[in-house]
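Enquirer: One structure, pasted below without further comment.
The values are calculated or read from the model by the stated rules, or taken from the named source; none is laboratory data. Computed from a predicted structure; not experimentally measured. A quick note on method: Cβ atoms are made from the backbone with ideal geometry, for glycine too, and the neighbour counts reach across all protein chains shown.
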Amino acid sequence: MTDSQTPHAPLDLREHLRRLEERGLLTRIDTPVNKDTQLHPLVRWQFTGGLPESARRAFLFTNVFGSDGRKFDTPVVVGALAASPEIYSVGMGVKVDEIGDVWNRGIDHPIPPVLVENPPCQEVIIKGEDLRKPGGGLASFPIPVSTPGFDSAPYFTATLCVTKDPETGVRNMGTYRAGLKATDRLCVRMATRLTGAGGYVHWLKYKELGQPMPIAIVVGAAPVIQYTGPQKLAIDQDEMAVAGGLAGAALRTCRALTVDLEIPADAEIVVEGFIDTELVEPEGPFGESHGYIALEEFNMSMRVTAITHRRDPILVSIVSQVTPSESSVIKKVAYEPLYLTHLRKNLNVKGLTGVVMHEPLSNLRPIIFLQFSRNAPKTEVWRGLQGASTLQAQCGKIVIAVTDDVDPHNADAVFWSMAYRSNPIEDILIVPYRSRSHGPKSDGAANSTLLIDATAKSPMPPLALPARKYMEEAREIWEKIGLPPLVPQSPWHGIHLGDWGDRWERFAEAAARGEWERNGENSFQRRRPDVMPETPVRRVEKD
Ligand SMILES: Cc1cc2nc3c(=O)[nH]c(=O)nc-3n(C[C@H](O)[C@H](O)[C@H](O)COP(=O)(O)O)c2cc1C
């Protein structure tokens with residue numbers, strides 16, 4: 001990792017895109033693409049088309065038009081923030097396996113931003129009648145429809161919604177969706193559940209004061225700033241300072257023009273305005289990351305007072321909806337290390353070796369897997385289970401502990417572990433009183449928590465696959481013959497799990513040398529009349 005005084009991360013989106021392109025992680029699409037029907041579905045194939053994670057790219061669309069035939073000069077980039085952990089790591093300016101440490105450092109050592117004048121994000125200003133004229137204001141940007149066939153409008157998805165606590169003045173920046181309603185009006189959705197959106201807490205305070213809430217929706221800030229949006233930081237922790245900590249340098253802010261807020265100075269586009277605290281407006285339907293379409297509900301109506309942007313701006317959009325998606329990658333790479341640090345450092349859980357949040361379809365938060373070393377005490381496994389289920393109200397509805405020979409990225413392996421390593425009556429606990437989390441609205445009944453200890457409770461016989469050296473040798477032959485390329489799936493070779501004996505090791509070695517008849521001679525000598533079939537040998541013999 002680079003030292004903490006030198007910025008290692010790109011400090012604006014353009015530098016980030018340049019770095020992505022240099023590494024072959026950005027694909028330019030110059031073919032005309034319809035932002036209302038084609039753009040998001042095209043990027044979606046990356047997540048649904050059977051490609052490995054490493055093949056995902058940021059897509060820069062340079063020739064965008066709308067269903068009404070309108071052509072846009074502004075390019076749209078999707079996948080540039082977090083189509084894959086590798087792309088995210090470019091945004092952080094570190095290696096993938098350093099992301100967790102950088103997050104811990106950013107939170108522990110924030111660097112406050114510096115305020116600048118004449119910022120790039122205000123090179124062009126759209127105000128007054130220009131916001132309201134047909135095709136003007138928000139309609140002049142190529143904002144895509146995310147889930148054509150279901151969504152009700154184009155939406156900003158890669159947002160940083162900046163608001164300020166009217167009492168303390170502390171800023172919050174959250175990633176919340178914002179759907180277009182008119183050239184100068186948006187509807188913003190901030191989660192109202194307990195530990196939902198920080199911006200909602202501010203909205204309640206402005207409502208109490210009888211004032212509209214000032215807001216700035218920032219699009220296309222430096223990735224380190226954007227990455228703080230989906231992160232669940234304490235509400236009084238300034239995301240701009242944490243982003244500085246992530247970047248290793250103070251970031252630049254400026255004053256917004258029509259609202260009393262400070263915003264990232266180098267962002268591509270900023271939409272300023274006020275959110276009504278008296279009237280709420282129907283918003284949606286919109287495809288959500290929990291995997292269902294969020295149906296129409298009343299949300300926050302925002303009147304736009306100005307749109308400012310850099311010259312030749314680039315519009316960033318996130319592909320969300322069913323996971324895996326950019327929305328889950330952006331959370332996964334940051335949440336997992338935070339959980340591991342919490343359980344290991346704060347709770348000092350012994351024997352914990354890994355935390356994996358389940359990504360496909362379920363979107364990380366509801367299901368968490370914990371990996372433990374083979375001899376971890378049962379009491380520590382249970383402390384880990386309880387710690388993971390309680391750190392955040394919205395995460396860990398189901399927590400499953402496995403021994404670390406099991407790879408939780410393979411859900412089949414987890415089921416296998418549950419099938420043979422847990423006894424439901426002893427190893428499962430259902431805990432009442434969990435608050436409602438992200439998901440399709442239910443009847444409001446209180447939720448609960450399921451904890452499962454599927455670790456190996458005692459030594460087990462080896463995993464029944466050829467030993468690693470034989471599998472590797474066979475792979476060399478496979479490749480020499482030119483058979484189709486292999487993508488090894490865990491588990492792909494046998495390993496010892498604690499229960500084995502010297503004699504069996506000798507038998508296996510002899511069999512591999514072709515000397516199985518010697519094994520037969522040995523067993524012939526050990527025949528006996530006093531036991532029934534299926535009697536384990538070691539019950540009656542010494543090894
Ligand atoms: C692509 C994306 C879209 C999101 N949309 C919303 C949203 O519309 N409303 C919301 O409350 N949270 C949304 N979230 C989750 C929040 O960003 C997340 O809970 C974050 O912690 C909020 O920040 P806050 O704690 O400062 O409010 C979204 C996250 C991502 C990655």
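Enquirer: Somewhere in region 204-222, is a residue under 19 Å from the mean Cα position of the chain (by Cα), over 20 Å from residue 325 (Cβ atoms) and more than 9 Å from the ligand (Cβ to nearest atom)?
Expert: Within region 204-222, one or more residues are under 19 Å from the mean Cα position of the chain (by Cα), over 20 Å from residue 325 (Cβ atoms) and more than 9 Å from the ligand (Cβ to nearest atom).
Enquirer: Select from region 331-383 the residues that are more than 21 Å from residue 430 (Cα to Cα), among the basic types (Lys, Arg) and part of a loop (DSSP other than H, G, I, E, B) and list them in ascending order.
Expert: Correct list: 350, 374.
Enquirer: Quick one: which residue in 406, 399 is part of a loop (DSSP other than H, G, I, E, B), in the same structural domain as residue 377 (by TED's automatic domain parsing) and in contact (Cβ under 8 Å) with a residue 24 or more places away in the chain? Full working, then the answer.
Expert: Numbers: 399 fails: part of a loop (DSSP other than H, G, I, E, B).
Answer to the selection: 406.
Enquirer: Continuing with this model, one more query. Does residue 446 meet the test of being surrounded by fewer than 18 Cβ atoms within 10 Å (Cβ to Cβ), in contact with a Phe, Trp or Tyr (Cβ under 7 Å, 6 or more places away or on another chain) and within 29 Å of residue 327 (Cα to Cα)? Walk me through how you get there before you give the answer.
Expert: Values: surrounded by fewer than 18 Cβ atoms within 10 Å (Cβ to Cβ): yes; in contact with a Phe, Trp or Tyr (Cβ under 7 Å, 6 or more places away or on another chain): yes; within 29 Å of residue 327 (Cα to Cα): yes.
So residue 446 passes the test.
Enquirer: While we're looking at this one, here's another question. Take region 267-293 and flag every residue that is at pLDDT 95 or above, of a type in the set (A, V, I, L, M) and part of a strand (DSSP E or B).
Expert: Those that are at pLDDT 95 or above, of a type in the set (A, V, I, L, M) and part of a strand (DSSP E or B): 269, 270, 271, 275, 279, 280.
Enquirer: Then there's this: Take residue 119 and decide whether it is in the same structural domain as residue 233 (by TED's automatic domain parsing), closer than 12 Å to residue 252 by Cβ and either among the basic types (Lys, Arg) or touching a Leu at 6+ places or on another chain (Cβ under 9 Å) (or both). Show your work before the answer.
Expert: Working: in the same structural domain as residue 233 (by TED's automatic domain parsing): yes; closer than 12 Å to residue 252 by Cβ: yes; either among the basic types (Lys, Arg) or touching a Leu at 6+ places or on another chain (Cβ under 9 Å) (or both): no.
The answer is no for residue 119.
Enquirer: On to the next question. I'd like the full set of residues that are in a helix (DSSP H, G or I) and surrounded by 14 or more Cβ atoms within 10 Å (Cβ to Cβ), limited to region 479-503.
Expert: To start, the set of residues in region 479-503 that are in a helix (DSSP H, G or I) comprises 479-481, 502-503.
Within region 479-503, just 503 meets the criteria.
Enquirer: Checking residue 149 against (1) in contact (Cβ under 8 Å) with a residue 12 or more places away in the chain; (2) more than 27 Å from residue 125 (Cβ to Cβ), which test does it fail?
Expert: (1)
Here's the yes/no breakdown for (1) surrounded by 24 or more Cβ atoms within 10 Å (Cβ to Cβ); (2) β-branched (Val, Ile, Thr):
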| residue | (1), (2) |
| --- | --- |
| 329 | yes, yes |
| 348 | no, no |
| 357 | no, no |
| 374 | no, no |
| 397 | no, no |
| 403 | no, yes |
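Enquirer: Looking only at region 168-185, how many residues end up being in contact (Cβ under 8 Å) with a residue 24 or more places away in the chain, of a type in the set (Ser, Thr, Tyr) and within 15 Å of the ligand (Cβ to nearest atom)?
Expert: Within region 168-185, the first condition is being in contact (Cβ under 8 Å) with a residue 24 or more places away in the chain, and the residues that meet it are 168, 170-175, 177-185.
If we keep only those that are of a type in the set (Ser, Thr, Tyr) as well, we get 168, 175, 183.
Of the ones still in play, those that are also within 15 Å of the ligand (Cβ to nearest atom) are 168, 175.
Of the residues in that region, 2 qualify.
Enquirer: Another one. Give just the number: which of (1) within 30 Å of residue 189 (Cα to Cα); (2) of a type in the set (Phe, Trp, Tyr); (3) at pLDDT 95 or above does residue 420 not satisfy?
Expert: Condition (1) is where residue 420 drops out.
Enquirer: Could you please give the count of residues in region 302-321 that are assigned to a loop (DSSP other than H, G, I, E, B) and within 13 Å of the ligand (Cβ to nearest atom)? Before you say what the answer is, go through the steps one by one.
Expert: Applying the first criterion (assigned to a loop (DSSP other than H, G, I, E, B)) to region 302-321 yields 310-314, 318-321.
Filter once more, keeping what is within 13 Å of the ligand (Cβ to nearest atom): 318-321.
So the answer is 4.
Enquirer: Name the pairs whose Cβ atoms lie under 7 Å apart, with the first residue in region 195-215 and farther than 17 Å from residue 394 by Cα and assigned by TED's automatic domain parsing to the domain that holds residue 396, the second within 12 Å of the ligand (Cβ to nearest atom) and not basic (Lys, Arg), and 6 or more positions between them or separate chains?
Expert: Pairs found: none.
Enquirer: Oh, and also: Only one of these conditions is not met by residue 227: (1) crowded, with 22+ Cβ neighbours inside 10 Å; (2) among the aromatic types (Phe, Trp, Tyr); (3) more than 12 Å from the ligand (Cβ to nearest atom). Which number is it?
Expert: Status for residue 227: all satisfied but (3).
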